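Written out below as structure tokens is the structure these notes cover.
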Amino acid sequence: MIKTIWKTSYKNHVIELENRPWLERLLVDGKEVGRQAGPTFLHRTFAAEIADGGMNVPVQVTTSASKQPRGVRCTVSVGGAPIYEEVKWPARWYLALSAFALAVVLFAAAAALRMYGH
């Protein structure tokens, strides 16, 4: 399955967000703690808690569409302070863009052949 993963660590905890077609999942230390279905380019917020020195610290992960640079922006905050931010262009978008480009090329080739009588 084509998916995009943002992954970071905080004090021996691994926090990752998995963006699949029509589904986003938040994993903390390999365990799923949040999931939301639907279009994955929409603004989403996930919340979880991790143990840090005997206390539970809130983790917040947000995703949203980014215009500059283009793609999906993922921001991870621990205890209210951002620790990670990255914009990625999901791989499945390349497939759609490639299919569109191929369709345009084939349409142009068919039009050229029709125009020149072949």
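The values are calculated or read from the model by the stated rules, or taken from the named source; none is laboratory data. If you're wondering where the values come from, they're calculated on a predicted model, not measured in any experiment. All Cβ positions, glycine included, derive from the backbone under ideal geometry; neighbour counts span all protein chains shown. Please note that ligands, DNA and RNA were not included when accessible areas were found on the heavy atoms of the full protein model with its side chains. Shrake-Rupley method; radii C 1.70, N 1.55, O 1.52, S 1.80 Å.
Descriptive notes on the structure:
- Crossing angle, helix 91-115 versus the chain [Cα axis fit, 0-90 degrees, rounded to tens]: 10 degrees
- Gaussian network model of the chain, Cα within-10 Å springs - most flexible of Gln68, Gln36, Gln60: Gln68
- Accessible area expressed per residue, segment 1-80, with surrounding protein chains retained (probe 1.4 Å, Å²): 56 Å²
- Electrostatic dipole magnitude of the chain [Cβ: Lys, Arg +1; Asp, Glu -1; Cα centre; debye, to 20]: 500 debye
- Counting only residues at least eight positions apart within a chain, or on another chain, the lysines with an alpha carbon under 22 Å from that of Lys67 are Lys3, Lys7, Lys88.
- Note on surface exposure: Leu106, Leu42 rank Leu106, Leu42 by accessible area, highest first, 1.4 Å probe.
- log10 of Debye I(q)/I(0), alpha-carbon scatterers only, for segment 1-57 at 0.14, 0.19, 0.20, 0.23 Å⁻¹: -0.40, -0.68, -0.74, -0.91
- Anchor Lys11: lysines whose Cα lies under 19 Å away (excluding residues fewer than 8 positions away in-chain): Lys31
- Mean Cα-pair separation over length for the chain, i.e. relative contact order, pairs under 8 Å, 6 or more apart, %: 15 percent
- For Cα extents along the principal axes in Å, the value calculated from this model appears in (i) 40, 29, 22; (ii) 69, 26, 21; (iii) 79, 27, 22 under label (iii).
- Selected from Arg44, Arg70, Arg25 as most flexible by GNM, with the chain as the system and alpha-carbon contacts under 10 Å: Arg70
- For the chain, built as a Gaussian network whose Cα springs stay under 10 Å, the top-fluctuating residue of Pro90, Pro82, Pro21: Pro82
- Think of it as helices only: each DSSP H run of n ≥ 4 in the chain is worth -39500 (n - 2.57), and spread over all residues that comes to -7500 deg cm²/dmol at 222 nm.
- Amide H contacts under 5 Å for Ile50: Val57, Val59, restricted to partners 5 or more places along the chain or on a different chain, H placed in the peptide plane at 1.01 Å from N.
- Going by accessible surface with a 1.4 Å probe and the largest first, Trp89, Trp6 read Trp89, Trp6.
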